[in-house]
Structure formats: C-alpha cells, structure tokens
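Colleague: Dropping a structure here in structure tokens format, bear with me for questions.
Read-outs throughout are calculated quantities, based only on the coordinates presented, and are distinct from any laboratory measurement. Only a predicted model underlies this, so the values are computations on that prediction, with no experimental measurement involved. Ideal geometry is used to build each Cβ from the backbone, glycine not excepted, and the neighbour counts take in all protein chains shown.
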Amino acid sequence: MYDANFKILLFGDDTEGKKTFTQKFMINLFSEGHEDTIGVDFEVKSLLVDEYKIKLQIWDISGEGRFRSFLPTYISHARGGLFVYDVTEKSSLTNIDFWLDIVKKDLTEEKTFPIIAVGIIPDSEKERQIFYEEGLKLAEFHRLDGFIECNVKSGEKIEKLFGAISKLMLERSPPPTEPAIAKSSRKAKKNALIAKKKRKKEKKNRKSKQ
Ligand SMILES: Nc1nc2c(ncn2[C@@H]2O[C@H](COP(=O)(O)OP(=O)(O)OP(=O)(O)O)[C@@H](O)[C@H]2O)c(=O)[nH]1
Ligand SMILES: [Mg+2]
C-alpha cells in the first residue's frame, strides 16, 4: 500500500541521456550506446521519503520529433519533471522553451508541478560545451525548481535527485492522509502501552490474592 503515486516525466531532446540516466537509477547499470526510445518507456520504483511510501512512475519520453504528436498524452497527469540535457552538446538547450511550453501546456495544476534541470556531464571536462553557470542561469530564468549536474557513469547524485523531486511533489501534492508507517508505529506504541498496563494490572491482582 502506497501513500502516494507520482508520475514523473523525463524530457528533453533525443540522445541526451534520459534512458541511460533512468537505467542507472533503476538497476545501477551504466551502458554506453543509444537506443531510440519508441515514444515512451516506463519504469516503476518505490521510494521512502519523509516516511511516505511513494510509487514513482517514471515516464522516459523520446526526444525525437516523430513522436511529438503523442506528447500531450504522455504528459497528462504528471506530477513532476526532469528536463535532461547533455553538457557536451551546445544544441541540447536550444529546445528548452519548446519542452517547457509543452510540458506546462494544459496543466491546470501548473503550480503543483516541480521541474528540475539535469545537465549530464561527460567523463572528461574537455568535452564540455555548456558550463555549470549557464545551466544554473537558465534554470533560474525559467523559474525551475532546481538544477543539478551529474555524471551517469558514476551515478553520484542520481538517487538524491529522485529523492529531492519526490519531496517537492509531496509538498505540492500532499497525500490526503499521514504516512502509513507513522500511523502503524503509533498504533504499535499504543498496543505496547496497553499490554504493559494489562501486565501491571494482572501482577497487582496476583499480589492481592496472595
Ligand atoms: N561517457 C558517458 N556517456 C554517457 C553518459 N550519459 C549518457 N551517455 C551517453 O549518451 C547517450 C544517451 O543515450 P540515451 O540515454 O538513449 O538518450 P535518450 O535521451 O533516452 O534519447 P531518446 O530516447 O532518443 O530521446 C548514450 O550513448 C550514452 O552512452 C555519461 O555519463 N558518460
Ligand atoms: Mg530514450
């Protein structure tokens, strides 16, 4: 039983690293090489954030133009997004306006939709074409909810990032009830107290009979 079920989008141009990034998060595997995502790929992962058990539905959307007509369907009912770009490709930021427009279009709960920009960094700094400051500035300009750079091979920060976006989704779309874990631990404490009182009473009764 989950406390919350969040659909999260990974979007951005093609061959930026969305699949590679998702795979690293899901099964801690880094594999070189690109395979076109046909429309969209799905993954599901459970996360525990602030005692809330979250079911994260990851929708890894193809960046290819031929799938653009399906985008409104893929985007519908999402609760958060990661805009993924490749810092070794200057052109990978060219379409940020397009992506943010389409993701936010028809979104009645626009305010409840956190987006974090993720710059995929190369193994060698020599290949870098987009600098950290540019990414940060762009994220601030578009009023995104966060900005991070990470190397998929090392996988550092990826787990933390999914935790951070989940926390933002929890804040913007709070579940109607308190976390089940908190509820059950309170219940367990209450039961322990009742049992303790019962034992005390039985001891007292035994003593009075002697
Ligand atoms: N060396 C290195 N290569 C990386 C890293 N991250 C991604 N790549 C490479 O970048 C390419 C990205 O491919 P995908 O992850 O399939 O790209 P995508 O964004 O899902 O592309 P579409 O499905 O077409 O939208 C692959 O060839 C990866 O091997 C990294 O941290 N280091
Ligand atoms: Mg892909």
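Colleague: List the lysines whose Cα sits under 24 Å from the Cα of residue 203, skipping any in the same chain fewer than 8 residues away.
Modeller: Residue 203 reaches 189, 190.
Colleague: Pairs 7/187; 90/167; 55/157: which are spaced more than 26 Å apart, C-alpha to C-alpha? Mind showing how you got there, number by number?
Modeller: Numbers: 7/187 31 Å; 90/167 31 Å; 55/157 20 Å.
Distance filter (> 26 Å) returns 7/187; 90/167.
Colleague: Please tell me the relative contact order of the stretch 4-177 in percent, rounded to the nearest whole number, where contacts are Cα pairs under 8 Å and at least six residues apart.
Modeller: Here the relative contact order equals 26 percent.
Colleague: Percent of Cα-Cα pairs per 10 Å bin, from 0 to the last occupied bin, for the chain, please list those.
Modeller: Pair shares across the bins are 8, 31, 30, 13, 6, 5, 4, 3, 1.
Colleague: Here is a follow-up. Hey, can you rank 186-192, 72-78, 166-172, 92-98 by average C-beta count inside 10 Å, highest first? Don't skip to the answer; put the middle values down first.
Modeller: Numbers: 186-192: 10.1, 72-78: 15.0, 166-172: 18.9, 92-98: 16.6.
Peptide ranking by packing, descending: 166-172, 92-98, 72-78, 186-192.
Colleague: Do the sum for the chain: with -39,500 (n - 2.57) for every DSSP H run of n ≥ 4, divided by all residues, what is the mean residue ellipticity at 222 nm, to the nearest 500 deg cm²/dmol? The partial results should precede the final answer.
Modeller: Working: 6 runs with 79 residues, N = 210.
Result for the chain, helices only: -12000 deg cm²/dmol.
Colleague: If you count, for each residue, the other Cβ atoms within 10 Å and average over each peptide, how do 119-131, 52-64 line up from highest to lowest?
Modeller: Numbers: 119-131: 14.8, 52-64: 19.9.
Result, highest mean first: 52-64, 119-131.
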